[in-house]
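The structure appears right after this line, and notes come after that.
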Amino acid sequence: MFCYQCQETAKGTGCTMAGVCGKSSEVAALQDLLIYVTKGLSVVTTRLREEGKDIDESVNHIISVNLFATITNANFDKDSIVEKISKTLSVKEELLERFEDREGLPDAAEWNGNKSEYAQKAMSKEVGILATRDEDIRSLRELITYGLKGLAAYSKHANSLLKDNEEIDAFLQKALSKTLDDSLSVDDLVALTLETGKYGVDGMALLDAANTGAYGNPEITTVDIGVRNNPGILISGHDLKDLEQLLEQTKGTGVDVYTHSEMLPAHYYPAFKKYPHFAGNYGNAWWKQKEEFEKFNGPILMTTNCIVPPAASYKDRLWTTGATGFPGCRHIDGEYGQVKDFSPIIEQALKCKAPEEIETGTIVGGFAHEQVFALADKIVDAVKSGAIKKFVVMAGCDGRMKSRDYYTEFATKLPKDAVILTAGCAKYKYNKLNLGDIGGIPRVLDAGQCNDSYSLALIALKLKEVFGLDDVNDLPIVYNIAWYEQKAVIVLLALLYLGVKNIHLGPTLPAFLSPNVAKVLVDNFGIAGIGTVEDDLELFFGES
Ligand code: FSO
Ligand code: SF4
């Protein structure tokens with residue numbers, strides 16, 4: 001196997017024996033094949049679109065879910081990946097029938113085989129990251145592919161709320177097909193990378209509209225982090241439709257529902273406040289789940305990544321749905337637009353003890369775009385008076401590496417007139433530190449999930465307008481972003497597309513950036529890594 005798509009990749013260069021994430025080499029190879037045949041299907045859909053033919057929404061959904069299933073920590077289940085390959089091949093065969101002339105298709109689009117041939121094909125020289133020999137072309141192809149995985153994940157959540165955007169799907173598939181095109185130069189691929197960022201903005205806007213259209217605009221909310229005495233179900237991941245259905249189905253059962261990690265921001269939406277059994281948030285970011293899930297005592301539903309391979313002691317309480325999977329854990333299926341049946345999870349919860357308390361207190365969030373716009377006058381006054389000197393965007397992901405303590409220390413040592421804008425699970429590094437407020441404005445403004453980085457971009461654009469600036473980079477905003485997996489890649493590309501410069505990315509730069517591609521990002525966008533907390537405070541604020 002060779003995989004270097006996430007920040008925790010082995011030795012900072014690539015996982016070759018087994019994934020640091022727990023992915024086996026067998027599953028890694030099958031995921032490579034799934035990506036390969038999905039790219040093949042995308043060549044076919046793209047060519048059919050060029051011939052003026054329509055592509056069914058169901059095909060778009062297959063492609064998005066395939067990409068989503070290969071995101072770090074999403075799906076470890078060999079059978080699930082094999083099924084996805086088979087489905088993709090059969091849909092592709094049907095679509096190939098619609099061509100008048102199928103000359104010149106690449107192997108990825110032509111290849112077909114049965115299940116017994118998948119492993120061999122997966123190991124062949126055409127499939128996998130190292131199939132591209134030139135390291136710069138490979139780097140750009142992977143950067144684009146990872147961005148598209150993030151875009152696909154966000155699209156999938158919007159699709160679950162029955163919001164589709166054919167333009168985004170058509171681009172996603174065209175871009176996937178271009179990663180197989182040997183005629184494209186480094187410059188062509190750099191341009192495609194930026195175009196991917198444009199569709200990243202569109203994808204996050206689609207999901208924002210889907211979420212706020214269904215559940216209202218997030219508002220300032222205090223979330224309990226303690227526990228109650230009833231049995232509970234813990235729901236993790238990013239899918240709000242799954243949460244809605246779980247809350248509906250647990251009504252009046254005596255079972256409470258708690259959020260975990262990236263599901264925390266669900267509390268900020270008005271529509272979920274009507275459920276008295278929506279109890280609070282339990283635990284922290286994804287990587288602490290082993291100890292926290294043990295103590296939760298009840299079932300846990302993973303709606304998306306990030307899954308840590310579970311301990312045997314709670315494995316029978318871990319459930320997956322959507323694009324996720326783990327061998328031996330039960331999976332709840334559901335078609336778009338249909339209600340999933342969560343009753344087996346509720347039945348299990350009723351037999352479990354209430355969660356063990358691991359924390360007490362509250363956290364405050366809900367600072368997505370509309371809520372911040374409502375506070376705009378107050379914020380602008382605070383900036384004009386000098387009470388707020390700078391905003392620091394610290395969005396992105398958390399992770400288990402010790403080097404990420406940097407972010408806690410950085411947040412703690414920030415000048416007291418700096419405000420953190422956050423989104424994604426990165427917030428768990430500092431959202432319980434009680435950093436105080438500036439004239440009633442909390443010093444940590446949590447917009448929501450990683451996809452709500454879109455809100456942070458809208459807030460920046462709004463401030464640019466209010467202050468009458470021509471360039472978003474003239475605002476008193478610095479970017480110190482933490483990344484882990486591929487959704488952070490699409491967020492980064494979206495920010496680059498919006499013209500944001502000088503983003504610091506840590507705790508390490510992606511292994512998939514070749515020296516030349518990294519240089520393009522440094523020279524054109526001022527991308528940089530992180531240094532020591534003291535050096536970076538000096539750099540950003542001129543003090544330490
Ligand atoms: Fe975190 Fe995981 Fe949202 Fe990611 S839970 S790391 S960027 O999946 O998606 O922020
Ligand atoms: Fe390694 Fe990350 Fe790939 Fe897992 S997703 S195999 S940890 S690079």
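The values are calculated or read from the model by the stated rules, or taken from the named source; none is laboratory data. These numbers were taken from a predicted model, which means no experiment stands behind them. Positions of Cβ are backbone-derived with ideal geometry, glycine not excepted, and every protein chain shown enters the neighbour counts. All accessible areas refer to the heavy atoms of the entire protein, side chains included, with ligands and DNA or RNA removed. Shrake-Rupley method; radii C 1.70, N 1.55, O 1.52, S 1.80 Å.
Run through region 468-544 and list the GluC sites (Glu not before Pro) located in a DSSP loop whose Cβ has at most 14 other Cβ atoms within 10 Å. The partial results should precede the final answer.
Details: sites: 485, 534, 538, 543; in loops: 485, 543.
Taking region 468-544 and a limit of 14 other Cβ atoms within 10 Å, the loop GluC sites (Glu not before Pro) found are 543.
Report the net charge of residues surrounding residue 316, where surrounding means a beta-carbon distance below 12 angstrom and charges are Lys +1, Arg +1, Asp -1, Glu -1.
+4
How much of the pair distance distribution for region 371-541 lies past 22 Å, counting alpha-carbon pairs only, in percent?
40
Hey, what did region 216-363 get for relative contact order, percent, Cα under 8 Å, at least 6 apart?
33
Starting from the amide H of residue 325, placed 1.01 Å from N in the peptide plane, find each other amide H under 5 Å away whose residue is 5 or more places distant or on another chain.
The list, which skips near neighbours in sequence, is 75, 76, 77.
With viscosity set to 0.692 mPa s at 37 °C, what whole-number translational diffusion coefficient in µm²/s follows for region 221-350 from Stokes-Einstein and a Kirkwood radius over Cα pairs? Intermediate results must be reported in sequence, preceding the final value.
On the way: Rh = 14.5 Å.
For the chosen part, D equals 227 µm²/s.
Ignoring ligands and nucleic acids, what accessible area does residue 261 show with a 1.4 Å probe (Å², nearest 10)?
10
I want to verify the translational diffusion coefficient of the chain in µm²/s; compute it with Stokes-Einstein, Rh as the Kirkwood radius over Cα pairs, at 37 °C and 0.692 mPa s. Let's see the in-between values first.
Values: Rh = 23.7 Å.
So the translational diffusion coefficient is about 139 µm²/s.
Between beta-carbons, use under 13 Å as the cut-off and find the net charge around residue 121, counting Lys and Arg +1, Asp and Glu -1.
Summing Lys and Arg as +1 and Asp and Glu as -1 gives -3.
Compute the relative contact order of the chain as a whole-number percentage, counting only Cα pairs closer than 8 Å that sit 6 or more residues apart in sequence. Walk me through the numbers on the way to the answer.
Numbers: 1032 pairs, mean separation 92.4, N = 544.
So the answer I get is 17 percent.
Is it possible to state the helix-based mean residue ellipticity at 222 nm for the chain, with each DSSP H run of 4+ residues giving -39500 (n - 2.57), the sum divided by total residues, to the nearest 500 deg cm²/dmol? What is it?
When only DSSP H runs of four or more count, the value is -14000 deg cm²/dmol.
Which GluC sites (Glu not before Pro) from region 84-192 combine a DSSP loop assignment with at most 15 other Cβ atoms within 10 Å?
97, 100, 103, 126
As an exercise, identify the trypsin sites (Lys or Arg not before Pro) in region 195-248 lying in DSSP coil whose Cβ has no more than 15 other Cβ atoms within 10 Å.
Within region 195-248, the qualifying trypsin sites (Lys or Arg not before Pro) (loop, at most 15 other Cβ atoms within 10 Å) are 228.
Enter the accessible area of residue 521 (Å², nearest 10), with the probe set to 1.4 Å and all protein chains included.
Accessible area, nearest 10 Å²: 20 Å².
Taking a probe of 1.4 angstrom, what is the accessible area of residue 287 in Å², to the nearest 10?
Here the residue's solvent-accessible area equals roughly 70 Å².
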